[in-house]
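A short reminder: the numbers here are calculations on the coordinates, not readings from a lab. Keep in mind the model is a prediction, meaning the values are calculated, not measured. For neighbour counting, all protein chains shown are included, and Cβ atoms are generated from backbone atoms with ideal geometry for every residue, glycine included.
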Amino acid sequence: MDTIFAPATARGRAGLAVVRISGPAAWEAVAALGARLPPARRAALRRLRDRAGEPLDEALVLLFEAGASFTGERVAELHLHGSPATLSAVLRALSAIPGLRPAEAGEFTRRALENGRLDLAQVEGLADLIDAETEAQRRQALRVLEGALGRKAEDWRARLIRAAALIEATIDFAEEEVPSDVAPEVLAILDGLIPELRAEAEGAVAAERIRDGYEVAIVGAPNAGKSTLLNALAGREAAITSAVAGTTRDVIEVRMDLAGLPVTILDTAGLRETDDAVETIGVARARARAEAADLRVFLLGGEGEALGLAPRPGDIVVQGKADLGGAEGFAVSGKTGEGLAELTRRIVAELEPRAARAATATRARHRLAIAKAAGAMESARLEVSRGPGRAEIAAEELRTAIRALDSLTGRIDVEHLLDEIFASFCIGK
């Protein structure tokens, strides 16, 4: 296997820049830079030189033995001074060493997967942790990275294998002394597993929303103050505001962190009948996005009524333009900020219980695999209950369920996913 190298920190001026080297010749690469090797897993200050003997930098060198590193291979890390010139000079020197090549996107993590240091779910958790923007996303990604989903999958798999072994025994050793009726134990195993998997699949929907972010649409009639409210929530001029009704033609999105939850606020076109062809398109888009949103804020007080939408349970109805006075009940003003804190509190109060239902599975791939396993188990349960004559069909359904669970952690059937997953990683990870 090639020895690869790449910066593990972002490029640009910084106090430190870390270069990671992984592969069989990682330690030899450090020696080729003129540095005496420190003991494994003990950092030492060393002067680095290029092939001509010119000094490159004085760096902290750290070595990891194979099996004790992130990738599972021999690894060396060079902790350099963080100037772009220093980093470029060291990377040029490494490129000149025979047998070394720059790493591709996600290649260090891919090697960790191939060497058994991480399972596929943990790889996805690591990708989510790198991309995490809010506290809820960080906690969720860290839980997956630490192997929570993999441990669940292994527990489910072990119990399924027990059920499958019982069924297989009745097929392979029909003439031997085996338990005459394994159905009660098999059914007990399946009756315990199926609700667990169904609950996990349902909770995965909430986890996906934490990972991707909730959408909250501000809807209402034209000139209700939707764009002004969006700007106030965002703390910047994200949308054009005007006294002229129908200014907003397209959906404007602002991503925010509300109490640790990732939320995208949508400013939509005023909902009304119009002869303007462009505004008509905007109204159609507004209605479609509002229908698909996780939560809608209905802003009252515009010109006419918002056509085509009615509040759903959980939606927030609020009177706009509170600064003009005369509003009854809960009101908000994007101009003065009146009611903004209460509106934010209500949005969070509505979304937090949904987030609390999140499962360990965080992606659509996880949810579909778990649902497939649960469906196969339900089919197997039906076949078992029909009697010993259906044992072979039940056994095949259990094998289908086991394969579905194996795909969660990358045991089987995931090669087509790997390029897509690792393409999302940065070089050096």
message = I need the phi-derived Karplus couplings for the stretch 215-227: 6.51 cos²θ - 1.76 cosθ + 1.60, θ = phi - 60°, integer Hz, Gly and Pro marked x.
response = 10, 10, 9, 8, 10, x, 6, x, 6, 8, x, 5, 5
request  = Sort 89-96, 354-361, 123-130, 181-188 for me by packing, meaning the mean count of neighbouring Cβ atoms within 10 Å per residue, highest on top.
outcome  = 123-130, 354-361, 89-96, 181-188
ask   = How much mean residue ellipticity at 222 nm does the chain get from its helices, if each DSSP H run of length 4 or more adds -39500 (n - 2.57) and you divide by all residues, to the nearest 500 deg cm²/dmol?
value = -15000 deg cm²/dmol
ask   = By a straight-distance test (C-alpha under 23 Å), which lysines pair with Lys321 as possible cross-link partners, with residues fewer than eight away in the same chain excluded?
value = Lys226, Lys335
request  = Rank these for me by crowding, Ile167, Ile97, going from fewest to most other beta carbons within 10 Å.
outcome  = Ile97, Ile167
Inter-site label distance for Met1 and Arg42 at 7 Å from Cα along Cβ, in nm = 2.7 nm
task = Rank Gly116, Gly410, Gly23 by mean-square fluctuation in a GNM of the chain with C-alpha springs under 10 angstrom and give only the top-ranked residue.
result = Gly116
task = Kindly rank 286-293, 377-384 from highest to lowest mean number of other beta carbons found within 10 Å of each residue.
result = 377-384, 286-293
ask   = Cα to Cα, under 27 Å, and not fewer than 8 places away if on the same chain: which lysines meet these conditions relative to Lys372?
value = Lys152
request  = For Arg198 and Arg411, compute 0.36 nm times the residue count separating them, minus their Cα-Cα distance, and round to one decimal in nm.
outcome  = 74.5 nm
request  = Using packing as a proxy for protection, rank 255-268, 2-15 so that the peptide with the highest average count of other Cβ atoms within 10 Å comes first.
outcome  = 255-268, 2-15
